[in-house]
Amino acid sequence: MIKTIALVGNPNVGKTTLFNALTGLSHVTGNYPGVTVERKAGKVQLNGKTVEIVDLPGTYSLAARSPDEMIVTDLLLGNLSSERPIDAVVSVVDATNIERNLYLVSQLRELGKPLVIALNMTDIAESHGIQVSPEKIACEIGVPVVPVSAHKNVGVERLKEVLSRLTRESADAVTPVPTYPEAFNREVDALTAHLVTHSTKLGRKVPRAEAFRVLVDKGGYAETRLAKALANGFMDDLSRRRERANTNGSLASLEARSRYTWIRKIVAAGVTRPETRVITWSDRVDHYVTHKVYGTIIFVAVMAVVFQAIFSWAAPLMQLISDGFTALGGLINASMPDGMLRSLLADGVIAGFGSVVTFIPQILILSLFIALLEDCGYMSRAAFLMDKLLSKCGLSGQSFIPLLSSFACAIPGILATRTISNRRDRFTTMLVAPLMSCSARLPIYTMMIAAFIPGTHVLGGLVGLQGLTLFFMYLLGITVAVPTAWLLKKTLLKGETPPFLLELPTYKWPQPRTVAIKVYTQGREFLLRAGTLIFSIAVRDAIVASVSDTADRDAQLGALAKEESGAYLRNSIIGHLGQAVAPVVRPLGWDWRIGMAALASFPAREVVVATLGTIFNLGSDVDETSQGLRATLRDATTPTGGKLFTIPVALSIMVFFALCSQCGSTLAILKRETGKWRWPLFVFGYLTTLAYLVSFAVFHITTAVGWGSV
Amino acid sequence: MRTLDQLKPGEKGIVGYLHGDGSIHQRLLEMGVFEGSEIEVIRYAPMGDPMEIRVQGYHLSLRKNEAALVEVEEVP
């Protein structure tokens with residue numbers, strides 16, 4: 001009886017659309033243990049029985065180079081103890097691109113599991129003049145072939161019917177094709193037998209299909225993993241086996257030649273093509289989209305729209321949500337008696353939930369754009385256009401959109417790194433994403449600039465000094481990110497340069513259903529995953545705060561008035577802490593009050609404006625446009641009577657906030673996406689150090705050139 | 001012998017020897033770039049790198065230093 005079916009295929013073949021058509025909205029997402037690969041599974045009714053369908057990440061081959069890529073191979077081989085064994089495989093094949101698609105099919109064919117081919121996009125193939133005969137292909141390969149048009153829901157019922165007739169025994173009729181030289185087959189058998197003798201040491205029996213990969217994939221993950229487990233002499237033994245297996249070129253090329261020979265035979269029998277290749281509309285579109293001039297203009301325009309959308313379209317919605325939660329918190333504060341429960345509800349539950357939900361408009365808008373760009377095929381063109389630029393710091397074109405998104409907010413940016421195929425590139429991008437100046441830094445920039453940067457014009461009156469300062473703040477993050485990414489790729493995340501072999505798929509109209517489901521799942525997932533984490537942090541903080549509040553009840557009662565709240569601060573725990581912080585921040589030109597504001601703004605950097613307001617005696621209902629706060633800050637003095645805030649101090653504060661990682665949500669998302677606490681801790685550590693050092697340099701250099709007395 | 005990165009847009013060729021034995025070598029093979037495959041250069045990216053080729057009936061983007069591993073023969 002079939003219980004679990006795997007959906008396997010190349011990227012961009014409509015696999016997700018078919019998965020959605022089969023399972024509806026019933027799917028659940030998660031992660032495979034120990035890797036950063038998303039696990040997606042759903043349920044389908046076959047003949048009244050519920051069967052699980054697992055949607056595996058798109059792949060071109062079972063030859064894995066990294067733990068992440070190995071997931072597909074391991075899952076199909078039954079190597080994952082946490083997963084139910086796969087009983088049958090559905091391979092989604094793009095009819096417009098059948099040769100390369102059949103490469104993976106030929107590997108799946110050798111797994112000894114029942115296999116069904118879902119032949120997708122036959123309608124597009126026909127419009128290109130390509131006729132594919134499912135019957136003839138089924139006959140050649142020896143497995144059922146079901147033509148489907150996943151986005152039109154055509155053929156899905158027929159596929160279910162074929163699947164419901166499958167039994168585990170269906171695989172018995174499958175004979176391994178393609179054919180390999182005798183010497184090669186002998187070595188795979190010999191290696192399989194050899195590895196069986198190590199079963200106890202490995203804790204599992206290595207199947208023949210895995211031995212095949214160990215032998216062929218020189219430097220691949222299957223080999224690396226066994227070499228680590230078996231150690232002594234395994235690699236020497238393996239290279240002797242490789243020499244015996246093949247005498248002509250690499251084993252990888254032997255595999256490719258054998259498979260493509262098999263593929264040619266099938267294509268010759270089942271596919272007819274026009275004499276001359278039809279120029280498709282996709283070719284014509286690409287002529288402009290990747291053109292030197294038009295392509296660049298289109299690219300800039302697309303990015304401008306995306307950026308504008310996440311930056312400013314989302315803003316009113318976010319404001320609305322945040323106002324709503326503030327009002328709700330106020331309501332609770334007004335209607336409940338003071339105490340721990342009220343604090344927990346208002347400051348913990350409501351504020352915590354609010355801080356998560358505020359991000360939803362940005363997440364949804366960005367997910368929508370990314371889903372649209374991915375589904376129509378533009379994403380890979382964007383990577384094609386930008387690759388040269390990003391290759392300079394060791395990344396690839398695929399990192400561009402995640403980094404751009406991070407200018408709005410690092411959270412959607414980090415989520416967008418999921419489209420990056422190489423793990424080390426993905427991690428590097430996630431680790432530098434917080435350096436892009438996000439919208440939460442804007443309040444501190446605008447307030448500091450308005451208060452302390454003179455509104456004069458430079459460069460012949462063309463450029464305002466205030467605007468220029470803002471521009472430099474944005475530039476600073478990018479300037480620091482380039483060498484940081486380069487350094488990360490040379491040290492912590494070093495390794496062989498990943499191949500930049502990127503398919504440029506045929507353009508197609510985005511499928512509303514596919515896009516909608518993607519946006520919905522991203523939003524839901526963000527709420528569930530980041531939400532629970534941020535939420536629990538907020539609740540914990542509220543409890544801690546209310547406990548210390550109770551201890552200070554007397555002092556607090558005496559400091560109800562806003563003016564007194566400043567005095568209370570100075571005499572409170574925070575005030576005492578401030579005295580400890582003072583020597584640490586003095587080299588940056590700061591006094592203890594600024595230091596405390598920076599420290600208190602850890603969970604979310606935008607609160608620094610409000611914190612400065614509280615500390616400098618204004619109450620916390622100030623924002624960056626408050627004239628009062630600006631004037632107060634301008635008038636603030638040092639104990640010796642001099643002005644506290646000079647231009648160097650203001651710059652030092654802005655630079656610190658441009659580089660530091662005062663954002664609990666970003667760190668929480670990093671933990672979620674990397675699966676380990678050590679990465680967010682690393683990000684916090686390196687960004688804080690960097691922020692401190694650069695602020696220090698900026699303060700002393702600008703003081704030395706005399707800006708302190710301007 | 002010319003290598004793939006030396007072809008101009010619109011030029012066609014047949015893949016000859018494929019250098020290397022690492023992951024780029026294997027990926028190229030899997031993606032259909034192997035001895036005997038017909039190949040056509042479509043264009044280069046605006047900044048000169050990477051390049052776009054057609055192979056096995058689909059479009060593939062690769063960097064010039066990767067294309068330099070692919071020897072190309074004239075179409076007979």
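The values are calculated or read from the model by the stated rules, or taken from the named source; none is laboratory data. From a predicted model like this one, the values you see are computed outputs, not experimental measurements. Ideal geometry is used to build each Cβ from the backbone, glycine not excepted, and the neighbour counts take in all protein chains shown.
A few remarks follow.
- Just one of the numbered conditions (1) within 14 Å of another protein chain (Cβ to nearest Cβ); (2) within 27 Å of residue B:27 (Cβ to Cβ); (3) not in a helix (DSSP H, G or I) is not true of residue A:274: (2).
- Residue in the stretch A:227-246 that is at negative phi, outside any helix (DSSP H, G or I), hydroxyl-bearing (Ser, Thr, Tyr) and not assigned by TED's automatic domain parsing to the domain that holds residue A:80 present: no
- Of residues in the stretch A:578-606 being out of contact with any Pro (no Cβ under 8 Å at 6 or more places or on another chain) and outside any helix (DSSP H, G or I), the one surrounded by the most Cβ atoms within 10 Å (Cβ to Cβ): A:590
- Entirely in the stretch A:1-96, the strands (runs of 3 or more DSSP E) that have 2 or more residues that are of a type in the set (Asp, Glu) and out of contact with any Cys (no Cβ under 9 Å at 6 or more places or on another chain): A:49-55
- The criterion of at least 3 residues that are touching a helix residue (DSSP H, G or I) at 6+ places or on another chain (Cβ under 6 Å) and under 22 Å from residue A:484 (Cβ atoms) is met by the following helices (runs of 4 or more DSSP H) wholly inside the stretch A:344-417: A:378-391, A:400-405, A:410-416.
To keep it simple, each residue is scored yes or no on (1) within 14 Å of chain B (Cβ to nearest Cβ); (2) more than 25 Å from residue B:25 (Cβ to Cβ); (3) of a type outside the set (A, V, I, L, M, F, W, C).
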site	(1), (2), (3)
A:10	yes, no, yes
A:17	no, yes, yes
A:26	no, yes, yes
A:39	no, yes, yes
A:45	no, yes, yes
A:59	yes, no, yes
A:76	no, no, no
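- Given (1) of a type outside the set (A, V, I, L, M, F, W, C); (2) at pLDDT below 80; (3) within 16 Å of residue A:507 (Cα to Cα), index of the condition residue A:358 fails: (3)
- Taking the criterion of being among the small types (Gly, Ala, Ser), free of Cβ contacts under 8 Å to residues at least 24 places away in the same chain and under 19 Å from residue A:256 (Cβ atoms), the residues of the stretch B:26-76 that qualify are B:36, B:37, B:57.
- Close pairs from the stretch A:86-105: first within 14 Å of chain B (Cβ to nearest Cβ) and without any contact (Cβ under 8 Å) to a residue 40 or more places away in the chain, partner small (Gly, Ala, Ser) and surrounded by 24 or more Cβ atoms within 10 Å (Cβ to Cβ), Cβ under 6 Å, at least 6 apart: A:105/A:91
- Among the residues of the stretch A:41-56, not one is touching a strand residue (DSSP E or B) at 6+ places or on another chain (Cβ under 7 Å) and at pLDDT below 90.
- Residue in the stretch A:401-419 that is within 14 Å of chain B (Cβ to nearest Cβ), at pLDDT 85 or above and more than 25 Å from residue A:292 (Cα to Cα) present: no
- Test: residue in the stretch A:308-318 that is out of contact with any Gly (no Cβ under 9 Å at 6 or more places or on another chain), in a helix (DSSP H, G or I), of a type in the set (A, V, I, L, M) and closer than 30 Å to residue A:135 by Cα: no
- Qualifying strands (runs of 3 or more DSSP E) (wholly inside chain B; at least 1 residues being more than 7 Å from chain A (Cβ to nearest Cβ)): B:12-18, B:38-44, B:51-55, B:70-73
- Residue within the stretch A:446-462 that is at pLDDT below 85, buried (at least 21 other Cβ atoms within 10 Å of the Cβ) and part of a helix (DSSP H, G or I) present: yes
- Wholly within the stretch A:647-710, helices (runs of 4 or more DSSP H) carrying at least 3 residues that are without any contact (Cβ under 8 Å) to a residue 60 or more places away in the chain and buried (at least 20 other Cβ atoms within 10 Å of the Cβ): A:678-704
- Residue A:490 vs. criteria under 25 Å from residue A:422 (Cβ atoms), basic (Lys, Arg) and at pLDDT 80 or above: yes
- Residue A:483, sole failed condition from (1) surrounded by fewer than 16 Cβ atoms within 10 Å (Cβ to Cβ); (2) in contact with a Pro (Cβ under 9 Å, 6 or more places away or on another chain); (3) in contact (Cβ under 8 Å) with a residue 40 or more places away in the chain: (2)
- The set of residues in the stretch A:208-253 being within 10 Å of another protein chain (Cβ to nearest Cβ), farther than 19 Å from residue A:68 by Cβ and surrounded by fewer than 20 Cβ atoms within 10 Å (Cβ to Cβ) consists of A:218, A:249, A:250.
- Considering A:658, A:668, A:691, the condition of being within 25 Å of residue A:439 (Cβ to Cβ) and in contact with a Pro (Cβ under 9 Å, 6 or more places away or on another chain) is satisfied by A:668 alone.
- Within the stretch A:288-318, if we keep just the residues that are surrounded by 14 or more Cβ atoms within 10 Å (Cβ to Cβ), within 12 Å of chain B (Cβ to nearest Cβ) and closer than 30 Å to residue A:125 by Cβ, the residue that is farthest from the chain's Cα centre (by Cα) turns out to be A:291.
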